[in-house]
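Below is one structure; the comments refer to it alone.
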Amino acid sequence: MAYIVKQKVHGNDYYYLRKSIRKGGKVISKNLGYLGKDKKQAEIKAKQIIKQMESSKSEKSEKVSCPRKLIKENLSVEELAVFCKRKGFVYPSGEIYGGFSGFWDFGPLGVELKNNLKKSWWDFHVKQREDLVGIDGSIITHPQVWKASGHVDNFSDVLVVCKKCKKPNKIDKNELGKIKCPCGGGYDESSAKEFKLMFETNVGITGKSYLRPETAQLIFSNFKYVYENARMKFPFGIAQIGKAFRNEISPRDFLFRCREFEQMEIEYFIKKDQKCTYKIPNIEVLVYSSENQEENKNAEKMKIKQALEKGIIKKDWHAYWLATEFLWFKKLGANLNNFRIRQHKKDELAHYSSDCWDLEYKFPFGWKELQGIADRSDYDLSQHEKFSKKNLKVFDEELKEKFLPHVICEPSLGVERALLVFLFDAFYKDKDKENIVLSLDSQLAPIKAAVFPIVKKKEFEKIAKEIVEDLKQRWNVVYDKSGSIGRRYARNDEVGTLFCITIDEESLKRKEATIRDRDTAKQIRVKISNLKNILEKLISKKIEFEKAGKIIK
Ligand code: GAP
């Protein structure tokens, strides 16, 4: 039982919180904290310390008797948007002025999550491969680039107005007369008009150009330089991550359809008809062939390699890139049961493309395109040759002739759509405590660790701060001392913090800290001197949590 004692020093009163404990037949008194000089304030502070100690005790005993049960939470896109704003992931842009449709700002956690996602994509697709290099092209470039690519003349949607809700909507050119507004109303066909999707901008005094609607064209316009500078050999790819802008008629579904977004794109070049040089990763998914779509049949589950063998996927490179993209999503914890691949039907294919597939995800608002993987042949390079009048051909050492490389696959993924997938798939609730647990993969989690002193005690706080300072050199780590330990755990679970590190009496005595795992709520004790090393192994999944320290039972 804790109690308050008053000590008089040089005529002044000083209050302390003490506890008597029996040790080896003797009763000794233990100091739990200094409470200040004022009696009333001391009573308030004492209550706070006792409450914190009790909640940390009950937290510990719960962990032992009740391992955490996580339950998948299915939430709507609107609920996700509310959560993202509340927690500082994503804010509606310009909201203090009423918002600006199709534009979003990333908050302190959102920017960390987005950067982690882009880094993971870059490491997997560029840094860890020998056949890919990257570029970072400009957002505004020579307008002829967009003339050559066909965007100036053809990059448009058909704008239609719904007869029932009167809202404007976008449809594809071949959908006129065939589809209805999401509200159920029919479109007024007489209202249909072409709507250009590129944002125009002024350059200097008289110049005009566009904000790029995709990053891909910068890869094509720089192709020959990159090929020569990086001394690439076929097959090889060029990758880019960057902003793209589209004046969407009806931005919707939170981050799904924005007017400003980011793309992660690859143009993968081969010599025409060059065979795939890689083994196709062993991935099983729902395959929705153009034939099944035309015959109103369902998608079928099969290995991607099987789909190639059956002739559904036409080219080995396509099978390879589709499976490779799944590997990336899988590696970062996405649930592949929510994915399918959909082949473009004949009337969706561009004239130069022999096959095109989309990776689709089952969003709460339906199956939607997550990533496009198109065969673009030599269309873009030949267009840029024609418009620039520059020779973009390269020399084939074997055949001793010049040729224009073909883009066999263009994996093109929106950062925001990928973020939605990882957020939806990570959303869980703790069955017993009812709090949200954002079970993001260790690479994606915006905060890798939160460090707490178990109670507000100077000695604990000093150690906790030193640990934070050290870990911050390597990861995004936070110091958190406000509220009960239970509240601090819940707050960190909700934003996906991987580990909570607690400093307590044992840290003073044995130089040890407690690490708590977000998804299981299990705890281990480790030496503080070894903490960074252990976290490194845990974050990179080189060691199982329970084997990383002494498990607390
Ligand atoms: N270079 C090929 C290209 O841009 P796309 O299908 O128009 O192809 C590729 O776009 C990807 O970019 C899409 O699969 C999607 O992930 C993302 N994307 C496209 N428009 C978007 C928008 N308005 N908002 C968010 N992401 C978008």
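The values are calculated or read from the model by the stated rules, or taken from the named source; none is laboratory data. Predicted, not measured: the structure shown is a model, and the values here were computed from it. As a convention, Cβ positions derive from the backbone with ideal geometry for all residues, glycine included, and neighbour counts pool all protein chains shown. The accessibility values were calculated without ligands, DNA or RNA, using every heavy atom of the protein model including side chains. Shrake-Rupley method; radii C 1.70, N 1.55, O 1.52, S 1.80 Å.
Cross-link partners for LYS114 among the lysines, with Cα-Cα distance under 16 Å and sequence neighbours closer than 8 places in the same chain left out: LYS85, LYS87, LYS243, LYS448.
Database remark: amide H of VAL437 closer than 5 angstrom to the amide H of TYR428, LYS429, ASP430 (H placed geometrically; neighbours at sequence offset of 5 or more, or on other chains; Pro and chain starts carry no H).
For region 187-231, the ratio of Cα radius of gyration to the globular rule of thumb 2.2 N^0.38 Å stands at 1.88. Apply the a/c threshold of 1.5 to the C-alpha gyration tensor of region 66-162 and tell me whether it is rounded, prolate or oblate. Oblate, because a/c is 1.5 or more while a/b does not exceed b/c. To the nearest ten degrees, helix 39-65 and the longest principal axis of the Cα atoms of the chain are 60 degrees apart.
Relative to the first principal axis of the alpha-carbon coordinates of the chain, what is the inclination of helix 379-388, with its axis defined by its Cα atoms, in degrees from 0 to 90 and to the nearest 10? That helix lies at roughly 70 degrees to the long axis. Surface composition of the chain: carbon plus sulfur atoms hold 50% of the accessible area, using a 1.4 angstrom probe and ignoring ligands, DNA and RNA. Taken one residue at a time, the phi angles of region 338-354 give Karplus couplings (6.51, -1.76, 1.60, θ = phi - 60°) of 8, 10, 8, 10, 10, 7, 5, 6, 3, 6, 9, 6, 6, 4, 8, 9, 8 Hz. Gly and Pro are set to x.
Amide hydrogen proximity for ARG129: with H placed 1.01 Å from N in the peptide plane, no residue at 5 or more positions away or on another chain lies under 5 Å. Is the chain best put as rounded, prolate or oblate by its Cα gyration tensor, with a ≥ b ≥ c the root eigenvalues, rounded for a/c under 1.5, and otherwise prolate when a/b is larger than b/c, oblate when not? Cα axes put the chain in the prolate bin. Extension gain for the segment GLN128 to LYS39, taken as residue separation times 0.36 nm less the Cα-Cα distance, is 25.7 nm to one decimal. Peptides 106-115, 389-398, 443-452, ordered by how many other C-beta atoms sit within 10 Å of their residues on average, highest first, read 443-452, 106-115, 389-398. With the simple model of a label 7 Å out from the Cα in the direction of the Cβ, SER76 to ASP136 spans 4.0 nm.
The value for region 196-348 of Rg(Cα) / (2.2 N^0.38 Å) is 1.27. The DSSP beta bridges internal to the chain are antiparallel in roughly 85% of cases. Here the Karplus curve 6.51 cos²θ - 1.76 cosθ + 1.60, taken at θ = phi - 60°, turns the phi angles of region 321-333 into couplings of 6, 4, 5, 5, 5, 5, 4, 5, 4, 5, 4, 9, x Hz, with x standing for Gly and Pro. Computed from the C-alpha gyration tensor, the three semi-axes of the ellipsoid equivalent to region 268-420 are 30, 17, 16 Å, from longest to shortest.
Per residue, the solvent-accessible area of region 206-277 (1.4 Å probe, heavy atoms of protein chains only, all protein chains present) comes to 38 Å².
FRET efficiency for the LYS509 to LYS431 pair, using the beta carbon distance and R₀ = 35 Å, is estimated at 0.50.
Restricting attention to region 343-420, the count of lysine pairs at 8 or more positions apart or across chains with alpha carbons under 29 Å apart stands at 12. Looking at region 69-106, the GluC sites (Glu not before Pro) that sit in a DSSP loop and have at most 16 other Cβ atoms within 10 Å of their own Cβ are GLU73.
Ligands, DNA and RNA are left out, and with a 1.4 angstrom probe the accessible area of region 344-496 is 42 Å² per residue. Applying a threshold of 18 Å to the alpha-carbon distances of LYS330/LYS547; LYS279/LYS303; LYS167/LYS193 flags LYS330/LYS547 as lying beyond it. For the cross-link pairs LYS127/LYS272; LYS119/LYS208; LYS119/LYS511, the ones whose C-alpha atoms lie over 31 Å apart are LYS119/LYS208; LYS119/LYS511.
Using θ = phi - 60° in the Karplus curve 6.51 cos²θ - 1.76 cosθ + 1.60, the 3J(HN,Hα) couplings for region 297-307 round to 9, 7, 6, 10, 7, 7, 6, 4, 4, 4, 4 Hz; x is entered for Gly and Pro. With the simple model of a label 7 Å out from the Cα in the direction of the Cβ, ASP13 to LYS542 spans 5.8 nm.
Anisotropy class assigned to region 328-378 is oblate, per the alpha carbon gyration tensor with a/c at or over the 1.5 cut-off and a/b no larger than b/c. For the chain, the longest principal axis of the alpha carbon atoms and the long axis of helix 415-426 meet at an angle near 50°.
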